[in-house]
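Asks: One structure, as structure tokens, below. Some questions next.
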Amino acid sequence: GQLRETESEFSELKASLSKKHEDLVHLKSTMRIEVPPAVLRLETEWKYRSEHLDRIISEAHTQRDTLYSEACEVAAALRLEHGVEIRQDKTTSKMLIPKDVLDAKTDRPSSARRKLGRLEQLNRELG
């Protein structure tokens, strides 16, 4: 989903920034003269951007963990309250709702319909 794409874009940007930083460090180490202010400014900017990207990636992981935790709670409630067995796809962390359950969703009590709807929404948000 969109969260996974955003994480990927930030990771690519961070790798690009890291390469630029390595180039700056190499440039500084080969120079015998005083480091120009522009190089120092770029280095400071890189450090700030890198820390900012670390925060964004960390927040994205936290958001994903929160969505996953809620999906687990909803799946557990469906099992306990309505006898619906929900399995998990180990690769994507999505909850696998049996097709027969989805097909007969309208026949279930409103609380089960709400939980199934929320689980479908969480699956979409998890990507």
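The values are calculated or read from the model by the stated rules, or taken from the named source; none is laboratory data. As the structure is a computational prediction, the values presented were derived from the model and not from experiment. In this analysis, Cβ positions are derived from the backbone assuming ideal geometry, glycine residues included, and neighbour counts consider all displayed protein chains. Heads up: the accessible areas ignore ligands, DNA and RNA and are worked out on the full protein's heavy atoms, side chains in. Shrake-Rupley method; radii C 1.70, N 1.55, O 1.52, S 1.80 Å.
Asks: Can you confirm whether segment 48-64 contains a residue that is of a type in the set (Phe, Trp, Tyr), assigned to a helix (DSSP H, G or I) and surrounded by 15 or more Cβ atoms within 10 Å (Cβ to Cβ)?
Replies: No, there is no match, as no residue in segment 48-64 is of a type in the set (Phe, Trp, Tyr), assigned to a helix (DSSP H, G or I) and surrounded by 15 or more Cβ atoms within 10 Å (Cβ to Cβ).
Asks: A further question on this structure: Out of curiosity, is residue 79 modelled with pLDDT of 90 or more and either of a type outside the set (A, V, I, L, M) or not in a helix (DSSP H, G or I) (or both)?
Replies: The answer is yes for residue 79.
Asks: Scanning segment 12-36 for residues that are open to solvent by 90 Å² or more (accessible area, probe 1.4 Å) and farther than 22 Å from residue 53 by Cβ, which turns out modelled with the highest pLDDT?
Replies: In this case the residue turns out to be 34.
Asks: I would also like to ask the following. Identify all residues within segment 51-100 that are without any contact (Cβ under 8 Å) to a residue 12 or more places away in the chain, over 17 Å from residue 120 (Cβ atoms) and either touching a Ser or Thr at 6+ places or on another chain (Cβ under 8 Å) or among the hydrophobic types (A, V, I, L, M, F, W, C) (or both); write none if there are none.
Replies: 80
Asks: Taking residue 70 as the residue in question, decide whether it is open to solvent by less than 70 Å² (accessible area, probe 1.4 Å), more than 17 Å from residue 7 (Cβ to Cβ), assigned to a helix (DSSP H, G or I) and among the charged types (D, E, K, R).
Replies: Against the criterion (open to solvent by less than 70 Å² (accessible area, probe 1.4 Å), more than 17 Å from residue 7 (Cβ to Cβ), assigned to a helix (DSSP H, G or I) and among the charged types (D, E, K, R)), residue 70 qualifies.
Asks: Answer yes or no as to whether residue 40 is in contact with a helix residue (DSSP H, G or I) (Cβ under 6 Å, 6 or more places away or on another chain) and farther than 16 Å from residue 61 by Cβ.
Replies: The answer is no for residue 40.
Asks: To continue, here is another question. Among residues belonging to segment 76-127 that are of a type in the set (Val, Ile, Thr) and surrounded by 11 or more Cβ atoms within 10 Å (Cβ to Cβ), point out the one that is nearest to the chain's Cα centre (by Cα).
Replies: 92
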